[in-house]
1. Under 5 Å between amide H atoms, partner at least 5 residues away or on a different chain: which partners does Gly238 have, H built in plane at 1.01 Å?
2. With no solvent and one equal point scatterer per Cα, compute the Debye intensity ratio I(q)/I(0) for region 59-112 at 0.28 Å⁻¹ and report its log10, rounded to two decimals.
3. In whole angstrom, how far apart do the alpha carbon centroids of region 17-44 and region 96-148 sit?
4. Roughly how compact is region 41-200, stated as its Cα Rg over 2.2 N^0.38 Å to two decimals?
5. Long-range amide H contacts for Ser49: which residues qualify at under 5 Å (H placed 1.01 Å from N, peptide plane, sequence gap of 5 or more or a different chain)?
6. For Ala97, what residues show an amide H to amide H distance below 5 Å, using hydrogens built from the backbone and excluding near sequence neighbours?
7. Taking 2.2 N^0.38 Å as the expected size of a compact globular protein, what ratio does the Cα radius of gyration of region 165-247 give against it, to two decimals?
8. Tell me the volume per residue, in Å³, of the convex hull enclosing the alpha carbons of region 22-110.
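Rule-based calculations on the coordinates, nothing more; no lab input. Owing to the predicted nature of the structure, the values given are computational and were not obtained by experimental measurement. All Cβ positions, even for glycine, are placed from backbone atoms using ideal geometry, and neighbour counts span all protein chains on display.
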Amino acid sequence: MTLPKHVTIFEMGARDGLQNENARIATGDKVRYIDLLSRTGLKWIEATSFVSPKAIPQLADATEVFARIRKAPGVRYPVLVPNLKGYERARAAGADAIAVFTAAAERFTKRNINMTLDESLATFTDVVSTSKRDGCWVRGYVSTAFGSPFGDVVTPQMVLDVSLKLIEMGCDELSIGDTIGVGVPSQVDELVPLLAARIPLDRIAMHFHDTRGTALANVYAALLNGISKFDSSSGGLGGCPYAPGATGNVGTEDVLYMLERMGIETGVDIAKVRAASRFIAGVVDHALTSKAYQAMEAADAAPIS
Ligand code: COA
Ligand code: ZN
């Protein structure tokens, strides 16, 4: 099996990361964090989420965040939208790349967006067709692709079915998510070829959470299966407020460290990502979980003997 030479990183810290933070984070700090991420070489930075402020109070300032971030040339700033109302808010703020999200699991979808799977697909059919007509780039998330926190049985075939529906709707790219971090490499080996038989590999990103320490192993398994797009969060920020116990995305620094040492290019500067993580670490009320981030911090803190 051959590994890709180049990998694209899709930075999730400002959305998937911050949406799960309990402490209220000031709009200016979110803007600063995204501006720091914009200087790292990352080409895709999910900026915020135009969901109901009642569902995710932390991101109620989406319009202001989106307006204030300094948009770097060549960087795209997709935003999450759950319905047409969110889409209209996102467009009014100036977004030209959006992400819709549904799940492979029925119960999880109900808890997360108060819709059945079919209702969510109907809602997104409208959102995706409107956004494609408006010339937007559209990503479709398939959450809980490796398991759900609410006891749903999720099979690779179910993930494929939802994925094909999102592609048929017009999504440019899919992100297949292990929302609660339960997946293991053998599941990746089973799922990716099933998807790849029907969907071009360059339209599939994988989104792993590191809840049980399996995220990097899953990234490696996905690489071996030809995937070259990965979602990650600087410092490992993240989780899902509707998935109890879920922790952050795999750390961007962890993925970058591994890929760099494997000779796979990303175009992203790990030291600059660390600087963004360090800034946000001073804002949130807990330590960051990325191991590579922690190692870099520890190396700097160690006395020179
Ligand atoms: N932006 C702002 N407000 C919105 C909104 C949006 N995108 N969508 C709905 N609302 C408002 C409605 O106007 C309504 O307000 P009101 O009570 O003042 O009249 C209220 O929210 C309820 O609207 P309704 O359409 O009945 O939605 P709901 O209560 O069934 O919630 C979602 C559905 C999808 C809007 C909500 O569950 C949601 O935003 N979920 C996001 C969850 C999430 O982000 N999870 C993490 C990502 S993995
Ligand atoms: Zn996630």
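1. It is Gly248, Asn249, by chain and number.
2. Those come out to -1.13, one per q.
3. 23
4. 1.03
5. Leu80
6. Here Val79, Trp137 satisfy the definition.
7. Working it through for region 165-247, the quotient is 1.08.
8. 114
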